[in-house]
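Enquirer: Below you'll find the structure I mean.
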Amino acid sequence: MHTSFLSPTELQLANDILVWAKESLASENENLKRPRGNQVVCPFVGPSIENDSFYFTFHPEVTQHAEHLIEEIMIGYIPEFLRLWPFEPSDKLKKALLVVFPNVPDKQTRVLDQAHTNIKSRFVEAGLMVGQFHKNCDVPSVYNRTLLVSRSPIPLMAIRQMAIHDILFLGENEDWFQAYNVQYGHKFNDPDKLESFNAHLLEYYVRAKARFSR
């Protein structure tokens, strides 16, 4: 599925997206209102760029009315993402793959929202997270619902490794929580050992575990 061939247009788009990622995702935003730690919108973007493992792939063949095609493409990237460097457990969070759909019309970018809903469980099962970004995306910050954090100039979907803070996004669904619990449940066995900037996650974890305890 993946090809290393890029056209001049795609190279320019990749540069534009990289600039957007640095300015909008890897920078602090005072409106984010995260209770602890820094106010960087996505703490994984900067390290992925610095580690040279912030990857791009393009699908210009996707134009319109292509929800199922987008889903098929994205699911196909699960094994490909797992094969991407780096492989060391300590560095896996420094890896991201942006799947770009440059020819989806502006008026139809919400097709990515529906595709995201339909494929999220497949990614979570694999220990991954997937998110959609486009001009019309209404996904807000967890801590400030008036701040829209997933608006990008080019339609794309991003894949990364599941992280401890993803309890914020996975605690409302039993299957998602169980997948999260396999990877990060042990981190909450001794709350005193949680990093200070992750201490507030305990509340979300305890609430989800009580809801879905078996």
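Enquirer: Within segment 132-148, work out how many residues are part of a loop (DSSP other than H, G, I, E, B), among the hydrophobic types (A, V, I, L, M, F, W, C) and farther than 28 Å from VAL182 by Cβ.
Expert: 2
Enquirer: Right, another one. Mind listing whichever residues of segment 23-60 are part of a loop (DSSP other than H, G, I, E, B), buried (at least 16 other Cβ atoms within 10 Å of the Cβ) and touching a Pro at 6+ places or on another chain (Cβ under 9 Å)?
Expert: Those that are part of a loop (DSSP other than H, G, I, E, B), buried (at least 16 other Cβ atoms within 10 Å of the Cβ) and touching a Pro at 6+ places or on another chain (Cβ under 9 Å): ALA26, SER53, HIS59.
Enquirer: Related question: Tally the residues that are within 15 Å of TYR55 (Cβ to Cβ) and in contact with a helix residue (DSSP H, G or I) (Cβ under 7 Å, 6 or more places away or on another chain), restricting the search to segment 72-91.
Expert: 3
Enquirer: Let me ask another. Among the candidates VAL100, VAL124, VAL62, which residue alone is within 16 Å of the chain's Cα centre (by Cα), touching a residue at least 40 places away in the same chain (Cβ under 8 Å) and farther than 24 Å from LEU168 by Cα?
Expert: Of the residues listed, the single one that is within 16 Å of the chain's Cα centre (by Cα), touching a residue at least 40 places away in the same chain (Cβ under 8 Å) and farther than 24 Å from LEU168 by Cα is VAL100.
Enquirer: Taking segment 82-105 as the search range and keeping residues that are under 22 Å from SER7 (Cα atoms) and not aliphatic (A, V, I, L, M), which one is most open to solvent (accessible area, probe 1.4 Å)?
Expert: This residue is ASN103.
Enquirer: Could you check, for segment 149-158, whether at least one of its residues is open to solvent by 20 Å² or more (accessible area, probe 1.4 Å), in contact (Cβ under 8 Å) with a residue 12 or more places away in the chain, over 19 Å from GLY46 (Cβ atoms) and not in a loop (DSSP other than H, G, I, E, B)?
Expert: No, every residue in segment 149-158 fails to be open to solvent by 20 Å² or more (accessible area, probe 1.4 Å), in contact (Cβ under 8 Å) with a residue 12 or more places away in the chain, over 19 Å from GLY46 (Cβ atoms) and not in a loop (DSSP other than H, G, I, E, B).
Enquirer: Every residue in segment 7-19 that is open to solvent by less than 80 Å² (accessible area, probe 1.4 Å) and closer than 23 Å to GLU61 by Cα, please.
Expert: The answer is SER7, GLU10, LEU13, ALA14, ASN15, ASP16, ILE17, LEU18.
Enquirer: Continuing with the same structure: Taking the criterion of being in contact (Cβ under 8 Å) with a residue 12 or more places away in the chain, over 20 Å from the mean Cα position of the chain (by Cα) and in a helix (DSSP H, G or I), would at least one residue in segment 10-17 satisfy it?
Expert: Yes, because at least one residue in segment 10-17 is in contact (Cβ under 8 Å) with a residue 12 or more places away in the chain, over 20 Å from the mean Cα position of the chain (by Cα) and in a helix (DSSP H, G or I).
Enquirer: Considering segment 106-131 alone, what residues qualify as being of a type in the set (D, E, K, R), within 16 Å of ALA158 (Cα to Cα) and either open to solvent by 50 Å² or more (accessible area, probe 1.4 Å) or in a loop (DSSP other than H, G, I, E, B) (or both)?
Expert: Hits for segment 106-131 are ARG110, ARG122.
Enquirer: Next question, about the same structure. Restricting attention to segment 65-89, and to residues there that are aromatic (Phe, Trp, Tyr) and without any contact (Cβ under 8 Å) to a residue 40 or more places away in the chain, which single residue is farthest from ILE164 (Cα to Cα)?
Expert: For segment 65-89, the residue satisfying everything is TRP85.
Enquirer: What single numbered condition from (1) among the aromatic types (Phe, Trp, Tyr); (2) in contact with a strand residue (DSSP E or B) (Cβ under 8 Å, 6 or more places away or on another chain); (3) closer than 19 Å to HIS134 by Cβ fails to hold for TRP20?
Expert: The number of the failed condition is (2).
Enquirer: Can you tell me which residue within segment 61-105, out of those that are small (Gly, Ala, Ser) and part of a helix (DSSP H, G or I), is nearest to VAL124 (Cα to Cα)?
Expert: GLY76
Enquirer: Looking at the structure I just gave you, is HIS134 closer than 28 Å to LEU82 by Cα and of a type outside the set (S, T, N, Q)?
Expert: When the stated conditions are applied, HIS134 passes them.
The values are calculated or read from the model by the stated rules, or taken from the named source; none is laboratory data. Quick caveat: nothing in here was measured; it's all calculated off a predicted structure. Cβ atoms come from the backbone with ideal geometry, glycine included; neighbour counts cover every protein chain shown. Ligands, DNA and RNA are stripped out before the accessible areas are found, and what is left, the full protein with its side chains, is counted by its heavy atoms. Shrake-Rupley method; radii C 1.70, N 1.55, O 1.52, S 1.80 Å.
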